[in-house]
Amino acid sequence: MLGRNYFYVGVVCVSGLMLHAQPTPSTPTDPQRVTLQVDRQENGAWRAMNAATVFNTGDHVRFRVQASFSGYLYVMNHGTSGSYELLFPRSDTGSDNRMEAGKEYVVPAAQGWFGVGGPAGYDTVYWLVSPVELTHGYRPLPPPPATPQLPSTLRPRCDDTVFKARGECLDDSAGVRPVAPGEKLPQNLSGVAGATPRELLFMQDKGGVVLSSPQPLSGPVVYELRLAHH
């Protein structure tokens with residue numbers, strides 16, 4: 001679970017999204033892209049991980065995100081205990097959720113991290129990316145649902161082929177994925193955005209998972225990171 005009780009914040013951060021790179025050139029004809037990378041802290045350093053990695057209780061993780069367009073970012077977690085938690089923006093993980101085109105940002109900001117914990121299973125981390133501020137033309141993102149909704153009781157499993165070949169514990173049902181048509185979203189997200197547009201492509205890249213849209217986004221888009229952990 002990623003939240004107050006288990007997916008906890010290790011360092012207080014109040015400055016907002018942490019800038020981690022300089023802008024990259026783009027042209028109006030380029031597809032709009034969002035790149036998401038999951039990092040795990042190992043021996044005091046951060047290591048880029050496959051998003052389908054099965055993490056362990058006590059792991060420290062953070063996220064790096066970059067978009068080819070300016071916009072706003074909201075991140076919410078549905079943990080394995082059933083609770084919902086707004087991970088970003090908030091006072092201890094960063095209050096400024098604006099993103100500039102071509103810049104990489106770290107969530108949480110500064111030297112923060114999230115701790116993995118709770119019952120074994122799959123946290124669903126919802127990523128809402130919007131080219132417009134939700135208070136401009138859209139209602140503000142409401143608080144997460146107060147009533148716990150128990151997630152699936154499925155348990156992560158390592159892909160034996162990958163584990164034997166590279167020693168990595170990956171679960172092919174974990175990782176970044178679109179919100180399917182008809183899939184039930186948390187109450188505070190369902191009124192803001194629906195299923196992930198079909199034209200939005202998901203591609204694995206050495207720099208993380210890339211979401212690519214051939215057409216400029218006109219409003220908020222939601223996608224999921226299924227974070228597996230023991």
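If I filter the range 61-87 down to residues being outside any strand (DSSP E or B) and of a type in the set (Ser, Thr, Tyr), which single residue comes out as nearest to Pro131 (Cα to Cα)? Give the derivation first.
So in the range 61-87, the residues outside any strand (DSSP E or B) come out as 68-70, 79-83.
If we keep only those that are of a type in the set (Ser, Thr, Tyr) as well, we get 68, 70, 80-81, 83.
Working: Ser68: 11, Ser70: 6, Thr80: 30, Ser81: 32, Ser83: 28 Å.
Selected residue: Ser70.
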Open item on the list: Of all residues being hydrophobic (A, V, I, L, M, F, W, C), closer than 23 Å to Gly71 by Cα and not in a strand (DSSP E or B) in the range 11-23, which is modelled with the highest pLDDT? Just the residue, please.
Closed with: Leu17
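Conditions tested, residue by residue: (1) among the hydrophobic types (A, V, I, L, M, F, W, C); (2) modelled with pLDDT under 95; (3) surrounded by fewer than 18 Cβ atoms within 10 Å (Cβ to Cβ).
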{"position": "Val9", "(1), (2), (3)": "yes, yes, no"}
{"position": "Pro25", "(1), (2), (3)": "no, yes, yes"}
{"position": "Pro28", "(1), (2), (3)": "no, yes, yes"}
{"position": "Pro31", "(1), (2), (3)": "no, yes, yes"}
{"position": "Gln37", "(1), (2), (3)": "no, no, no"}
Task: Checklist (1) assigned to a helix (DSSP H, G or I); (2) surrounded by fewer than 16 Cβ atoms within 10 Å (Cβ to Cβ) applied to Pro181, failing item - done: (1)
Task: Residues of the range 43-58 classified as of a type outside the set (Phe, Trp, Tyr) and crowded, with 20+ Cβ neighbours inside 10 Å, total - done: 4
Task: Leading residue by the ranking (nearest to Tyr122 (Cα to Cα)) among those in the range 161-185 that are out of contact with any Leu (no Cβ under 6 Å at 6 or more places or on another chain) and among the β-branched types (Val, Ile, Thr) - done: Val179
- [ ] Starting from the range 45-64, take each residue that is among the acidic types (Asp, Glu) and list its partners that are assigned to a strand (DSSP E or B), counting only C-beta distances under 8 angstrom and pairs at least six apart or across chains.
- [x] Asp59/Arg40; Asp59/Gln41; Asp59/Gly115; Asp59/His229
Open item on the list: Among the residues that make up the range 152-170, is at least one of them modelled with pLDDT of 90 or more and of a type in the set (A, V, I, L, M)?
Closed with: yes
Open item on the list: So in the range 190-211, with the set limited to residues that are out of contact with any Ser or Thr (no Cβ under 6 Å at 6 or more places or on another chain), in a strand (DSSP E or B) and not β-branched (Val, Ile, Thr), which one is surrounded by the fewest Cβ atoms within 10 Å (Cβ to Cβ)?
Closed with: Asp205
Task: Where a residue in the range 198-223 is within 20 Å of Met76 (Cα to Cα) and its partner, wherever it lies, is assigned to a strand (DSSP E or B) and at pLDDT below 90, with Cβ under 9 Å and at least six apart - done: Val210/Gln204
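The values are calculated or read from the model by the stated rules, or taken from the named source; none is laboratory data. Everything quoted here is computed from the prediction, not taken from an experiment. Ideal geometry is used to build each Cβ from the backbone, glycine not excepted, and the neighbour counts take in all protein chains shown.
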